[in-house]
Amino acid sequence: MAIVCEDVIIRKLKNGKIKKGYYMHDTLKDNLEYELKRVEKNWDSVILYDGEEGAAKTTVACANAYYLSYKAGLKFDINNIVFTQSEFMKLVDIAKPKTNIVWDEFVLSGLNLEALSMLQITLIKKMTIIRKKRLIIHLIIPYMFMLTKYFAIARTRCLIHVYSNDNLTRGDFLYYNKPSKRRLYITGKKFWEYGNTKSDFNGDFTNTFGLFFNIDEYEKRKDEATQKITHDYRQVKAGESIYKAIMWLKANTDYTNLQIGHIFGWQTHKGVEYYIKRYSKEVQSYENTSENGVLRMDGAVNINNKGNKKNIVGATNKKGAYFDNDNEEFEDDFEADRFKKELHKQNVFDIT
């Protein structure tokens, strides 16, 4: 174990002794310094950290990021840690060359598989700027196998798998370089198994959590980000469901936008037009094409050539109003009641 950052990390212990720097595994230190040399020559450097909740992934990532920042002559603190996609994009745009960015709990920003896939695509698109600015990205995730094959294998440099030997004591890690990481992903993906591929080396690390930033501030920011992500996710999913229900109605009825708006309790057609404009591209990015070439939305509407409808998921009408029966654009109460029953039958107004 090597002692690093002795001239900048100086703290007084409870017993009154002065401790300088912190310990780092020698081989890990050498590999991190090699990553710094790579970014200086305009190569990508995305380092993965995975392990179960509470295994101290953030501790290792921040210790590594601090050391690399120190070697580059830059500052590393709480402002180098991001939790959401918007925070990441903003920091990438304003970051100085060779800045280390830790994206804590990367998967929180993609709370379902589709969103997580889109998140990886967004990050890949940002790689040009990341490479140009010679940034080093540290991504923290629960399991590497949650990532797409291309992103996990091709667009990340190495994996540091954090674990506990006895399921009690924190401080152990396995290091996989790019070829080893590839073999691990291919052989372990099916059962999320890490034992099928030998790591390049293993080691331990010391507890440096809170050494580089205030723990209370970190926990507060993380909690706020988690709540915001969860809230935004629910809003987006509800909006997508409303959009899918609207598109089902437009495809299977002759109702105008105004009539469809009344189904959802809106007084005008503007609500319908808003949801179509707001969610059409987002939902269609998740679309697949069925075997007969007919467009299919996952979890939404699947209409085959015979006109049969299935797998319909729509939106909750919070006002509880499906039709304005006093509006002359609807033929009669019987039609409204019949169509409302049909919507319920098709589960259009159920969100699970």
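The values are calculated or read from the model by the stated rules, or taken from the named source; none is laboratory data. This one's a predicted model, so the numbers in the text were calculated from it and none came from an experiment. Ideal geometry is used to build each Cβ from the backbone, glycine not excepted, and the neighbour counts take in all protein chains shown.
Is one or more of the residues making up the range 168-176 under 22 Å from Gly54 (Cβ atoms), assigned to a loop (DSSP other than H, G, I, E, B), of a type in the set (A, V, I, L, M, F, W, C) and touching a residue at least 24 places away in the same chain (Cβ under 8 Å)?
Of all residues in the range 168-176, those under 22 Å from Gly54 (Cβ atoms) come to 168-176.
Okay, now just the ones that are also assigned to a loop (DSSP other than H, G, I, E, B), so 168-171.
Filter once more, so that each one left must be of a type in the set (A, V, I, L, M, F, W, C): 168.
Cutting the leftovers down to touching a residue at least 24 places away in the same chain (Cβ under 8 Å) gives us none.
No, the range 168-176 has no match at all.
Restricting attention to the range 2-32, which residues are under 19 Å from Ser199 (Cα atoms) and touching a residue at least 24 places away in the same chain (Cβ under 8 Å)?
Within the range 2-32, the subset under 19 Å from Ser199 (Cα atoms) is 24-32.
Met24, His25, Asp26, Thr27, Leu28, Lys29, Asn31, Leu32 - these are the residues of the range 2-32 that are under 19 Å from Ser199 (Cα atoms) and touching a residue at least 24 places away in the same chain (Cβ under 8 Å).
Name every residue in the range 87-104 that is in a loop (DSSP other than H, G, I, E, B) and within 16 Å of the chain's Cα centre (by Cα), in order of residue number. Explain how you work it out, then say what you get.
The initial filter retains those residues of the range 87-104 that are in a loop (DSSP other than H, G, I, E, B), namely 95-99, 104.
Passing the criteria: only Asp104.
I'd like the residue in the range 16-27 that is assigned to a loop (DSSP other than H, G, I, E, B) and at pLDDT 85 or above and, out of all such residues, is farthest from Asp172 (Cα to Cα). Please lay out each step first, then the result.
Residues of the range 16-27 that are assigned to a loop (DSSP other than H, G, I, E, B), as a first pass: 16-17, 21, 25.
Next, only the ones that are at pLDDT 85 or above stay: 17, 21, 25.
Details: Lys17: 27, Gly21: 20, His25: 11 Å.
If we take residues in the range 16-27 being assigned to a loop (DSSP other than H, G, I, E, B) and at pLDDT 85 or above, then Lys17 is farthest from Asp172 (Cα to Cα).
When only residues in the range 193-224 that are assigned to a loop (DSSP other than H, G, I, E, B) and polar (S, T, N, Q) count, which is farthest from Ile3 (Cα to Cα)?
The first filter runs over the range 193-224 and keeps only residues assigned to a loop (DSSP other than H, G, I, E, B), leaving 193-200, 205-214.
Imposing the further condition that a residue be polar (S, T, N, Q) reduces the set to 196-197, 199, 206-208, 214.
On the way: Asn196: 33, Thr197: 30, Ser199: 24, Thr206: 11, Asn207: 13, Thr208: 13, Asn214: 22 Å.
This residue is Asn196.
Of the numbered conditions (1) modelled with pLDDT of 90 or more; (2) within 22 Å of Ile129 (Cβ to Cβ); (3) surrounded by fewer than 20 Cβ atoms within 10 Å (Cβ to Cβ), Asn42 fails exactly one; give the number of that condition.
So Asn42 meets the others, but not (1).
How about the range 123-151: which of its residues are in a helix (DSSP H, G or I) and in contact with a strand residue (DSSP E or B) (Cβ under 6 Å, 6 or more places away or on another chain)?
From the range 123-151, those in a helix (DSSP H, G or I) are 123-125, 127-132, 144-146, 149-151; that's our starting set.
Scanning the range 123-151 gives a single hit, Met144.
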